[in-house]
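For reference, the structure discussed in these notes is given below.
Values quoted throughout were computed directly from the atomic coordinates according to the rules given, and no laboratory measurement underlies them. Bear in mind that the values here come from a model prediction, so they are computed numbers and not experimental data. In this analysis, Cβ positions are derived from the backbone assuming ideal geometry, glycine residues included, and neighbour counts consider all displayed protein chains.
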Amino acid sequence: MSRHLIYKLVLIIIIGGITLIGGLQLYQHRHFQTPMIAGPGVTKVKKLSDYEPGLKGTMADTNVFFLKGSKPGGKMLVIAGTHSNEPAALLSSLIFLENSTVEKGTLIIIPQFNNSGGRNTRSGDGYPLYFEISTPWGQKKFRMGNRVASPLDQWPDPDVYVHYPDRQLLSYLDIRNTNRTWPGRPNGALMEKVTYAAMELIRKENVDLAIDVHGAETMFPVTNCIVAPEKSLRIATMTSLTLKATEGFDNHVEPSPQGFRGLSHREIGDFSDALPFLLEAPIPFLDQPTGPKTEDLLLKGKDPFLLKLSKKGKLFVPYDETGWPMSKRVGQHCSAILEIAQQFSRRNPKRTIEIKNTPLYSEVIKNGVGFYYKDPSKAHKKNVFYN
Amino acid sequence: MPFIMIIYYLICIYLLAMLIWNFVREKKSVDKMLQYILIMIPLILRLFRAK
C-alpha cells in the first residue's frame, strides 16, 4: 500500500472518529427530554400545531398549557423560550406551570416557544450543552439552547431575510429567530409558521395580554426593562413604578420602535387586540467581553471582566461582586408578570386575571429557583410532560 | 420538496464530487487531504440528512 493511501486512511479514521464522538453528543442534546410537571392549576394541554397544522410532526411543535380559573375573566399568554439561550424565561414559566393556580381568567403558558432553538447550541461560543438547577430533591437538568432555530429544522437560510408582510430587510440569520418572524404566515419558513400559530392562538383565544420573556446583555441598553408599544405603555409604566416601590428592583420601560419589524412587542399589538410586553432581565452570560461561557457564569452571572467594565461605567445595570444570579432574574420575571396582570385587571375589572400561589421576587431570591420545582419521579405520570 | 431545495442538494452533490475527486488525486500534501475531508463533512451530513 502506498504511503499517501495510508495517510488518507488514517485521516479518514481520525476525522470520522472525532465527527462521530462530537456528533453523538449533539444528537443526545437534541433529543434530551426535560420533564415539566403540570401543577394543580393546569386544566388543559394543547400543542402549538393545533393552531397551525403545518407544525405537526416537526421539531418546532411545542406544548401549550392552559390554567383556567373557576371564575370568568381575561386571558394572559406567557411566552418563554423565544430565545433558548436566555433560560431565565423557561425557568420562570415552569414556576408558574408547576405552582400557580388561577382564580379568575385564564393563564396560557408556552415554556419552550422556539422548540427547535432549544435543541440547538452555539458551539463557536463554547456554550455548555446543559445546565442544572439545585432542588430539594436533587439536580434538575435542562438543555441549554441557542438564540435561533436549528438549521437541521429550517434550511437553507436566505442571503437576506425579507420580513413578511413589511418587506423590511433583516439579517439572514433572523429568519430562524422567533423574535423577528412575527406575525408570521402559514406558508412561510418554519419559524414564520411558529409565530403565525401563536398569532392564531392569540386571536382565537381572545388573549388580552401577551408577555414574551427574555434576557439581555448587561452592555446592551435594552436590558432590565419592559419593552412595550404605545397601547401597552400605561400598564408597563405603572408596573415598573410599582415594582420599584414594592419589590425594590429597577425595571425601566422601553418604547417598542415602530420601524423595527418582526418583534413580538411590535407585531402582536399591530395584528391582534392583545397588549404585548417583552420582559428583559440582565444575563451576563450573553455579554461578549466575558471569560469562558460556563454553566457557572450562566447561573451566577459573575465575571471579573464585567466587574472591571462596571467600575468604568460601561454597563447599563448595577453590577458588583455578587454578579447577577439566576434567582434574581427569575424572581424579576415572576413579579413583573404578576404585576402586569394586576395592573391590567385594575383597569379592566370584567377581564380580571387573578393568579395565586406564585412566588414574588424576594421569595425566589430567598428560596432559590429549584425550591419551586416538583420531583417528576413522585408526580402522577399523566401530569409529567417531556419535551 | 421546493425547487430551491433541489438546487441546493444538486450543488451539494456537485461540490462533494469535486472534493472526493481532488482527495483521490492528491498524492503529496497531507494538509490538503485534511482540508478536503473537513470540508466534505457538512456536505455528507446534509446529503444523507443526518441529524
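Brief remarks on what is shown
- Ellipsoid semi-axes in whole angstrom, largest first, where each is sqrt(5λ) of the Cα gyration tensor of the range B:3-47: 24, 10, 5
- Percent of alpha-carbon pairs separated by more than 41 Å within chain A: 12
- Once you reduce the range A:246-324 and the range A:85-117 to the center of their Cα atoms, the two points are 19 Å from each other.
- Protection proxy ranking, peptides A:298-309, A:107-118, A:25-36, average beta carbon neighbours within 10 Å, highest first: A:107-118, A:298-309, A:25-36
- Cα centroid separation, the range A:153-229 to chain B (Å): 33
- Positive-pole candidate from A:His380, A:Gly81, A:His265, dipole of the protein assembly as shown, charges at beta carbon: A:His380
- Normalised convex hull volume, the range A:341-387, alpha-carbon set, Å³ per residue: 138
- Considering only A:Thr62, A:Val102, A:Trp137, and ranking their Cα positions along the charge dipole of the range A:62-198 that arises from unit charges at the beta-carbon of Lys, Arg, Asp and Glu, the one farthest toward the positive end is A:Val102.
- For A:Lys300, the aspartates and glutamates whose Cα comes closer than 16 Å to its Cα, not counting residues fewer than 8 places off in the same chain, are A:Glu86, A:Glu132, A:Glu217, A:Asp287, A:Asp320, A:Glu321.
- Cα-based helix-to-principal-axis angle, A:88-99 vs chain A, degrees rounded to 10: 50
- Reachable aspartates and glutamates from A:Lys46, criterion Cα separation under 16 angstrom, eight or more residues apart if same chain: A:Asp61, A:Glu200, A:Glu205
- In summary, the convex hull built on the alpha carbon positions of the range A:278-358 has an orientation-averaged projected area of 6.8 nm².
- Cα long-axis angle, helix B:3-25 against chain B (0 to 90 degrees, to the nearest 10): 10
- Cross-link pairs beyond the 19 Å C-alpha cut-off, checked among A:Lys8/B:Lys32; A:Lys308/A:Lys366; A:Lys104/A:Lys356: A:Lys308/A:Lys366
- Ranking A:Phe220, A:Val162, A:Asn187 by how far each Cα lies toward the positive end of the dipole of the range A:161-232 (charges on Cβ) leaves A:Asn187 at the top.
- Computed about its Cα centre, the charge dipole of the range A:194-309 is approximately 160 debye, with only Lys, Arg, Asp and Glu carrying charge at their Cβ.
- Net dipole in debye of the protein assembly as shown [+1 Lys, Arg Cβ; -1 Asp, Glu Cβ; about Cα centre; nearest 20]: 920
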